[in-house]
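Below: one structure, written as structure tokens.
Here, each number is a calculation from the coordinates, and none is a lab measurement. Only a predicted model underlies this, so the values are computations on that prediction, with no experimental measurement involved. In this analysis, Cβ positions are derived from the backbone assuming ideal geometry, glycine residues included, and neighbour counts consider all displayed protein chains.
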Amino acid sequence: MEIRFQNTLSRRKEPFKPLAPPRITMYVCGITAYDDSHLGHARAAVVFDVLYRFLRHLGYEVVYVRNYTDVDDKIIRRAQETGASCEEIAARYIKSFEEDMEALRVLKPTHEPRATEHIPQIIALIERLIEKGYAYVSEGDVYFSVEKFPEYGKLSGRSLKEMRAGARVSVSEKKRHPLDFALWKAEKPGEPSWESPWGRGRPGWHIECSAMAMHYLGETIDIHGGGLDLIFPHHENEIAQSEAATGKTFVRYWLHNGMVTVGREKMAKSLGNFVTIKQMLASHHPEALRLFLLSMHYRSPLDYSEKVVSDHERALEGFYETLYLLERLEPVTEEPPKKQLAALEKFSAELEDFPRRFLEALADDLNTAKAIGELFALETKLNQLLQACGRHPSALHLRLARKAHDMIRELAGGILGVLAEDPESFIEEAREKALAEKGLKREEIEARIKKREEARKRRDFAEADAIRDELSRQGILLRDTPWGTFWKVER
């Protein structure tokens, strides 16, 4: 199966060929640890988690690095505002992020390095750049000279002249060019600092990723990911300093996810329009959030609203309902009715082809939206299968149902990280939550359902319908199956 990625650097979709298969090296920019993470951070984490899972599913040995920025201007400001130390601020929000990732079922990367733990590697990389003439010392700061790197701007597609004309970079007398960026910042009172050949100070933001990526993955890595907002200046600067130091291609495939928006405006702490992951998890199932975050192609913007997330939660609950009923399928006959054979043969063929369609969607530039579409198309077929069973399900119905169930758990659960729970546990949790929200008592509902079933047995359909209507007005939806009445609470 050929994998193709839209490479931000080449601006085209390219076949993915790892440098040293079956090993794949992947680096993704992590959070700056100064506050609780929001849905924008969650999207990047979940998108690249799916890529990590997908590549591993295909048999690759993926070495995945996602860093933490634990020294930065934002962290320093938060420390000054609260009276805590920078170390305390970073530790608090790294812990918060780890809690969020665990709740969202995001797998732990191979390595999760912190910038402050790699000061020697950062200093060594800066020394190489100075020795090669790409960086210079200015009053204790060290800057990268963008004019010395002719390819500067190749990732963002802008020339140095264009960038300078539209730059919002503060001009400093310490710099030789307005776009020169800091590799090392001289010590200031009240800021964390480390010894260096240029005096005490701390690393700039961009240099830490190059140093940590090369330390764990080598001088050339297969995949580098992050949000679209990191293309310039962060990733542009990573390319410049890394390739200037080594003379080699730094990254072979650049992948960037689109932004989460609110009313088509980027979600950001600076704009005050963000929703934290913790806030979302307090009211929504983690898999519903994953489903929402993967519902659009990763490169497209994803517009957030409470309604859209709730719609995905209802869709997820419906799918679990189907799985729940499939698990209760008991064959009554060995062979299905002859009139169903053609339909069952067609479903069997479509089921055999499902893994190919699902995986090919992901192989085509990680098209999770299409993969999810294939998944829900299968759910429709499964509901048709359940309906076709009638009161006489056969052994063939059961075999097909179990096969579909196992495929869903392997592909959707293993790669997308959804539909991975026990269906009965999921259904029960959803019921209890919805009952609590509506102030309804389970025992009263189940008593009414039992009374309705008794009415149906004695063919008193008028009373049975009256009870159904009464429950419906309370938001209780019933689904009659050959194995009893399934009920849920409309949310």
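Details
- Lysine pair count for the range 309-422 with Cα-Cα distance under 16 Å and sequence separation of 8 or more or different chains is 4.
- Relative protection proxy for 45-51, 437-443, from highest mean packing down: 45-51, 437-443 (other beta-carbon atoms within 10 angstrom).
- Taking 0.36 nm per residue of sequence separation and removing the Cα-Cα distance, the E88/R479 pair yields an extension gain of 135.5 nm.
- From phi via Karplus (6.51, -1.76, 1.60), per-residue ³J(HN,Hα) for the range 427-444 in Hz, x at Gly/Pro: 4, 5, 5, 5, 4, 4, 5, 5, 4, 5, 4, 9, x, 9, 9, 4, 4, 5
- The GluC sites (Glu not before Pro) of the range 306-410 meeting both criteria, a DSSP state outside H, G, I, E and B (loop) and at most 15 other C-beta atoms within 10 angstrom of the site's C-beta, are E327, E334.
- Each Cα pair under 8 Å and six or more residues apart adds its separation to the average, and for the range 309-422 the resulting relative contact order is 39 percent.
- Lysines with Cα under 16 Å of K95, excluding same-chain neighbours fewer than 8 positions away: K108, K278
- Average Cα contact separation per residue, the chain, under 8 Å, 6 or more apart, as relative contact order %: 15
- Label-point separation, E117 to F486 (7 Å along Cα→Cβ), nm: 4.5
- Degrees, to the nearest 10: 73-82 long Cα axis against longest axis of the chain: 80
- Whole-Hz ³J(HN,Hα) from phi, Karplus 6.51 cos²θ - 1.76 cosθ + 1.60, for the range 481-491, glycine and proline x: 10, x, 10, x, 9, 8, 10, 8, 9, 5, 10
- Close amide H pairs (under 5 Å, H built 1.01 Å from N) link E14 with F5, Q6, N7, residues at least 5 positions away or on another chain.
- Contact order normalised by residue count of the range 1-160, Cα under 8 Å, 6+ apart, percent: 21
- Candidate lysines - alpha carbon under 18 Å from K451, same-chain residues fewer than 8 apart omitted: K441, K488
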